[in-house]
Amino acid sequence: MSVVLIGRWDAETLEIEESHTVGDGDQEAIDALLSGRTGDWWSCEYLVDRHRDAVQLAYEGLAPGQTLVDEAEGFDPSP
């Protein structure tokens, strides 16, 4: 299983708004989750089983000066 995080950038902050579990590499499921969205959405699939692990990986991938807010489940990633 994988976790797909969906969110938006607000200035230098990535706000995670949704989290979904899908089969590893299930592009059809990911496309369905993103279908119909307008505007600048960010999404990424992480090959982990838990939301918190996906959020931590997203946080670790940010550039210096960027922050992450998990609105989906409120997980606070650690530096």
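The values are calculated or read from the model by the stated rules, or taken from the named source; none is laboratory data. Computed from a predicted model, the values in this text were never measured in an experiment. Cβ placement follows ideal geometry from the backbone for every residue including glycine, while neighbour counts extend to all protein chains displayed. When the accessible area is computed, the model is the full protein with side chains, heavy atoms only, and any ligands, DNA or RNA have been set aside. Shrake-Rupley method; radii C 1.70, N 1.55, O 1.52, S 1.80 Å.
Considering only G61, G25, W42, the residue lying farthest towards the positive end of the dipole of the range 15-66 is G61, judged by Cα position with unit charges set on Cβ. Per residue, the average separation of C-alpha pairs within less than 8 Å and at least 6 apart gives the chain a relative contact order of 40 percent. What a 1.4 Å probe finds exposed on the chain is 45% carbon and sulfur by accessible area, rounded to a whole percent.
For the chain, modelled as a Gaussian network with Cα springs under 10 Å, which listed residue fluctuates most, D26, D49, D40? Comparing D26, D49, D40 in the GNM, the peak value goes to D40.
Under the simplified labelling scheme, the R50-T38 pair shows an inter-label distance of 3.9 nm, with each label point 7 Å from Cα along Cα→Cβ.
Protein heavy-atom accessible surface, 1.4 Å probe, per residue over the chain: 61 Å². Of all the options A29, A54, A63, the one that moves most in a Gaussian network model of the chain with Cα springs shorter than 10 angstrom is A63. Axis angle, to the nearest 10 degrees, between helix 51-60 and the longest C-alpha principal axis of the chain: 50 degrees. When D31, D76 are compared by accessible area of protein heavy atoms, the largest-first order is D76, D31, using a 1.4 Å probe.
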